[in-house]
Amino acid sequence: MDVDNEEFEWSESGQANGLWAYDNLPFGSPPGICAAAGDTPMTHSERLSEYAGCPLYCKDETQNPTGTYKDRGSATSITYANEQNIDVVGTVSVGNMAMSTAATATSAGLQCIVLVPSTIPPERIELIKQYDPDLLEVNGDYGQLYYDALTLNDGGEVLFVNGDSPVRLEGYKTIAYEICDSFRPESPDAIVLPISSGGHVSGVWKGLQELRDAGAINEVPRLYCVQSTAVDPIARAYEANSSTVEPVEQGETIAYSISNGNPPSGNRALEAVRETGGAITSVSDERILEAKAMLAAKGGYCVEPASATTVAGIRKWTNSGEISPEETVVAVLTGTGFKEMGQSDFELERGLHRINRDELDKGVRSTIGSL
Ligand SMILES: *Cc1c(COP(=O)(O)O)cnc(C)c1O
């Protein structure tokens, strides 16, 4: 392929440097894989848009170092700890948060303590363990563990950076920066996120407010959040027109990463959604699995079930008229599906064909047809 070498110029900003490309972060230089978080692709799929019912853009957070948006918050947390000469960080998690914090900490030469509930599946332990943290399996109420862990910061020897800690939100806010940067000078009409503790949406909301206050965007996109119907305390409060989230029993859901029945930042999520004119809903496991299958089969994205709630929610809202068919919507694909398989029994149309070696031509030709 011919290219015009006369036209070559180095980019102004030098090498891409992840979320650190934006200068209003209150931190110094990122150690280890902190430098690799963020700067994820924004991609568009016509076929997926058709399924969703509106022009759909995907902010592909699966491309972060450990496959989730959590790496942005881990990057700012570990950079902060490093600057403050704190040698030990901790977190409470059932999976992604643990992996992200442990990987980021070890890459920067920090020790990491991870508190996990005794109900955690062994496959998840294996994924976390590879980053060599101190894993403490704690029995009893997992929701309460989140709050108990924060009291352990007192001595100043260990810094617990849980899901909605302020230093994490600084990392999460850069998702809002990057999304708005991709659409400049326009803004997308809506941004849709899966929600559990509410840390992610709190960070995105902070970023949007900063951009609005700086005059960097004209329109603030509406923020939408989606839960699983099995664990939906924030959606319930939203539907009841309440400003306070009441804890619920933690039901079983395929979307295990969003199963916090007592979300620490639930009230803030309600505020973010109401102030921007968005909404919160919940979707069933059946719809989540369908959306996960469509994300892969039509869009080429392999996401975990929690992330697929976004597309299931958008489809629901375009059907009800809450989101109109010409509105531009961004789904944040929060986590990769490559960590754990065996979560989709949704039947697709094409599937596996068994053909004879001596009828290769006929076999291939028989599969050719329109999508
Ligand atoms: C943690 C997580 C969420 C939920 O984020 P919160 O900050 O807890 O609301 C959503 N998707 C994935 C993949 C996650 O790991």
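At-a-glance table
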| read-out | value |
| --- | --- |
| Max mean-square fluctuation residue, GNM over the chain, Cα-Cα springs under 10 Å, options 320, 282, 307 | 320 |
| Average accessible surface area per residue within the chain, 1.4 Å rolling probe, Å² | 48 |
| Given 11 as the ceiling on other Cβ atoms within 10 Å, longest exposed-site-free region of the chain for trypsin sites (Lys or Arg not before Pro) in DSSP loops | 1-349 |
| 222 nm mean residue ellipticity, helices alone, for the chain (DSSP H n ≥ 4; -39,500 (n - 2.57); rounded to 500) | -11000 deg cm²/dmol |
| Net dipole in debye of the chain [+1 Lys, Arg Cβ; -1 Asp, Glu Cβ; about Cα centre; nearest 20] | 700 |
| Global form of the range 240-294, assessed from the alpha-carbon gyration tensor, a/c cut-off 1.5 | oblate |
| Cβ-derived FRET efficiency at R0 51 Å, residue 125 paired with residue 371, nearest 0.05 | 0.80 |
| Shape category assigned to the range 1-160 from the gyration tensor of Cα positions, a/c cut at 1.5 | oblate |
| Of 55, 194, 26, the one that fluctuates the most in a GNM where the chain has Cα springs shorter than 10 Å | 26 |
| Highest-MSF residue in the chain out of 213, 39, 189 [GNM, Cα springs under 10 Å] | 213 |
| Fraction of accessible area attributable to carbon and sulfur, the range 249-317 (%, probe 1.4 Å) | 41 |
| Contact order relative to length of the chain, as percent, for alpha carbon pairs under 8 angstrom and 6 or more apart | 18 |
| Cut-off 19 Å (backbone N to label point 7 Å along Cα→Cβ of residue 352), residues of the range 266-300 | 293, 297 |
| Three-way shape label, the range 193-307, alpha-carbon gyration tensor, a/c 1.5 | oblate |
| Stretchable slack from residue 50 to residue 8, in nm (0.36 nm times residue separation minus alpha-carbon distance) | 11.3 nm |
| DSSP bridge pairs, the chain: antiparallel proportion in percent, nearest 5 | 15 |
| Integer Hz, Karplus 6.51/-1.76/1.60 couplings in order for the range 19-28, x for Gly and Pro | 5, 6, 5, 9, 8, 9, 10, x, 9, x |
| Cα-based Rg / Dmax (Å) for the chain | 21.3, 73 |
| For the range 289-320 and the range 52-101, distance of Cα centres in Å | 22 |
| Those chymotrypsin sites (Phe, Trp or Tyr not before Pro) in the range 269-371 that DSSP places in a loop and that have at most 15 other beta carbons within 10 Å | 338, 346 |
| Among 152, 196, 214 - extreme Cα towards positive end, dipole of the range 123-254, charges at beta-carbon | 214 |
| Value of relative contact order over the range 168-265, rounded to a whole percent, pairs C-alpha under 8 Å and six or more apart | 30 |
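The values are calculated or read from the model by the stated rules, or taken from the named source; none is laboratory data. Everything numeric here is computed off the predicted structure, so don't read it as measured data. Glycine also receives a Cβ, built like all others from the backbone with ideal geometry; neighbour counts cover every protein chain displayed. SASA here: full protein model, heavy atoms, side chains in, ligands and nucleic acids out. Shrake-Rupley method; radii C 1.70, N 1.55, O 1.52, S 1.80 Å.
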